[in-house]
Each structure stands twice: as C-alpha cells, then as structure tokens.
C-alpha cells in the first residue's frame, strides 16, 4: 500500500454512552473465536504459502497467480463457497525477474545489491562494461554523449549522502500516543491544491524535471546503453523498489535499469568522480507476459442463512499483490493471511451467519487500488457519477487490513462517527490484547477507500507500525521473517469477531452522508 497517514482526529469524547451500552456483544462467541484464533491458529502457515511458496506477487505476474490459485483452493478446503479468481478488467503486461546478477569487477570484485525496476527489460545476456557518469541539466547537454554510450553502464550524479540513524527501526504505539489520539477532535476536509496550482512555479518545476528525465531515458534507449544504475531509497542494504516503465501494453520500450542500494551506488559514484576506472558485469533476465492481460481478484463466501438478511453482505479483505524485490510479507501477505485466517476461524467455530460474509483478496493495489476499485465499479457503483447499483445498499461494511504485520490497536472510522459506539463495544473484549482505540479519522492509500467512495462503510484497522515504513514497505527486506506471529494471531481474532458481530447485528452498520460524485469535485 501507499502508506500515508491522514489521521484527522479521533472519536469525539462525547460519544453516546447509551448507544455504547446498548450494543450487544456475544461474549460466548467471542471466547470461542479467541480460543480458535489464539490457540489453534493457521495464520503463519497461510503466510508461508503466500510468501515463501508463491514468491513475489507483482500485479499480473506468475507469482500472484500462484498465490491466487492456492487461496482459492484453500478457501474451498475450509468449506467456503463460490471461491474463484474473478476477472475485473484489462490491466496490462505481467512481468517477473528470472535472473539478477551485477557486480563491480574493476578496480576489484564486489557483488552489488540491486533490483531491476519493474517492467524494465533485461540485458539480453551477460554484459561487461565501463561505468560512465552522465551529467545533463538540459536536453542539449546530452549531445556530448552521442555515439559514446552503446553497451555502457550509465550512472548519474546525486547530492545524496547516507547518515547514521539514531532511532530504532521498529516501534509500537505508546499508550500516551493512543490517549492523545482518543482525545483529538475531528478536523475539516483536507485542504485541496489551489485551483491555479497547474500554473504555479512548483508545478512548472515538476513538469520540467519530468520532461528532462523522459528525454534522458529516451536518449539512453536510442544510444543502446547496456544498463542504467539508479540510486534506491534506503540504507543498510535496504532497497525501496519502484517501477521503471509502464505496465500498459502500449508502453514505449525502455533501457534495462537496476535500482541500487545507496551504499553500493555511492561507492561506484565516488570512484568514477575520483577518476578511477570502474567496470561492472551484469546478467539480468526479465520476462513480460501478455497472453492474458485481464487481472483478477480472489473472492469466496460463507453464505447467509437468515431469510431476511442473507442477501446482505459483510465484506473483508486486503490486497494480495506485492512488489517484486522480496515476497511481500508485510505488504500485504500479512493482511491477506489475517483475512483468510478470520474466515477459517469462523468456519472452525461452526458459525452460520445471518448475513453472507464475503472475503476479497485484491490485485493491482500497488498500481492504484485497481482490483478493489474495479470490483466496486463492476458490482456496486461509479464514484465519478454516483450512479449506484442495487447491491450497493446490501453491503453492511467492508473491513480492510494493509498496514504491515503489527497488531490491531483499534479502528479508523473514516469519518463514520455513528459507527464509533458500536466498534468501541466490539473492541472492549480485546483490551487485554492491546486493542481499544477508535478514531473518526482515516489512514489513506488502501482498498477501503474504494468502498467509501460510493457511500459504503469502509474501515481500516489501526496497527502498530513496527518497521513497516523504515525497513519492509516495498523493499527487498519484506520477507516472511519480518512477520510477528502473535500480532497476526491477535489481528485475525479481532477481525473474526468484528465480522461475526456485523453479520449477526439486527441493523446494518450506519452510513455517513453519501459522497458527492467525484467528477464534480
């Protein structure tokens, strides 16, 4: 996910205590859920299959398809119905890394930490070349390199320096922080960019920088460079990876590019700028997949049993796709494994819900919430026009998990303050597990926003950050070993309880004011 906290404020201190007292909590079922979720958990086994066994899960990649097929099979084994890979529309090219080796050979041998940028080509076999520093502030500055870069490894000058860190990578919410959050007041709407931003100097500078980078990339491609090195964000060997080209089937071809750890990149740069000859060898193989440019979500259900309520739906989910530098454990195999485990728990305790429960494992979240947004568009309504489909009225709530491996500390209300007393009552049995905070604010950038955009109550749980933003989010460090087993057990148990109570509640979760069509904003 794109981690971007937008905590605008928390539950008003004057929440109606009467409403809190009236909300029913099934203590006997909570106890059953706790015993199953905390003592007989399968969440780490599920995470193992989604990460180590399936591998990286970039959108439309073979790894994602492996994970999706396994999830469908597992849901079916657990007794869920209608388990399937559901197509949501055209996405574009699949892509994966099949070989990745790069090393300095002159002035000495040193294997470097570097990841191919997503959707970039390979080197078409082994290459060995001198590293050339390209300096260009204007397009005309490129003229001096014409005819001199074929087969070369190219590096750019940067002003970045790496500094030692003096704070821990990982942290949990302190009680004092949660208290401050609970005492905060709701704020107004987020301030939008000024209407004349497109004419501002800042936007003009952004446009020039983007145009210059595009011109450089096109020039390097035309000169048939062997390989481009770019400096990744991150320290201590951590590479925060990105894409180097579009996944669209109409995208222009680009040159091979490696995103290199800061330590290795700066060493090479210092040597070249110091007049030392640097040679690098590399053998990068990537593959594009164009046979099926549709993309899919995984869907499965526990059917409702109440004659009046079975057509209503409680939804839960998280995105299954990841980036390609590792196996996407905290982003977001953790969330997917928790949601799968919540469904397993509910089946294991013999729950026969009044409302239908539907789990969704989304795809292409990392490229813009495509899986969830297209699910909403196909089934529920269009946020641009607010033309809604009949099923929009049937979704009681959607619960999402996508902030790493940290335990649940509470829930973001996404501005739906009427749901606050309900959720506070449902969290009360889990205060001993560290969960209890309810916020009227939101954490942005993940799939609950697709539901909120068409007026469906959509919620993301508050989670301890741990080392999500500092070490694992979109990096080569995002592996199974970063998962915290007790936290995932706790999260799955709480989610299962929330889903249980939502499915059994006499009324649907209250809705806030319907949003305006996005096309008019």
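The values are calculated or read from the model by the stated rules, or taken from the named source; none is laboratory data. Source: prediction; values computed, not measured. Cβ placement follows ideal geometry from the backbone for every residue including glycine, while neighbour counts extend to all protein chains displayed.
Observations, loosely collected:
- Restricting the range 49-63 to residues that are in a helix (DSSP H, G or I) and in contact with a strand residue (DSSP E or B) (Cβ under 7 Å, 6 or more places away or on another chain), the residue that is nearest to residue 325 (Cα to Cα) is 63.
- Single unsatisfied condition, residue 115 versus (1) modelled with pLDDT of 95 or more; (2) surrounded by fewer than 21 Cβ atoms within 10 Å (Cβ to Cβ); (3) outside any helix (DSSP H, G or I): (2)
- Any chance residue 431 is surrounded by 19 or more Cβ atoms within 10 Å (Cβ to Cβ) and at pLDDT 95 or above: no
- Test for residue 421: is it outside the structural domain of residue 236 (by TED's automatic domain parsing) and assigned to a helix (DSSP H, G or I): yes
- Total residues in the range 87-112 satisfying the condition of being in contact with a helix residue (DSSP H, G or I) (Cβ under 8 Å, 6 or more places away or on another chain) and either surrounded by fewer than 19 Cβ atoms within 10 Å (Cβ to Cβ) or closer than 20 Å to residue 262 by Cβ (or both): the figure is 5.
- Just one of the listed residues (272, 254) is surrounded by 16 or more Cβ atoms within 10 Å (Cβ to Cβ) and part of a loop (DSSP other than H, G, I, E, B), and it is 254.
- Pairs with Cβ under 7 Å, 6+ apart, first in the range 81-110 and under 16 Å from residue 127 (Cα atoms), second at pLDDT 95 or above and not in a strand (DSSP E or B): 102/112; 103/109; 103/112; 104/112; 104/268; 104/278; 106/277; 106/278
- Top-ranked residue in the range 166-210 [being in contact with a helix residue (DSSP H, G or I) (Cβ under 8 Å, 6 or more places away or on another chain) and farther than 30 Å from residue 463 by Cβ; ranked as modelled with the lowest pLDDT]: 197
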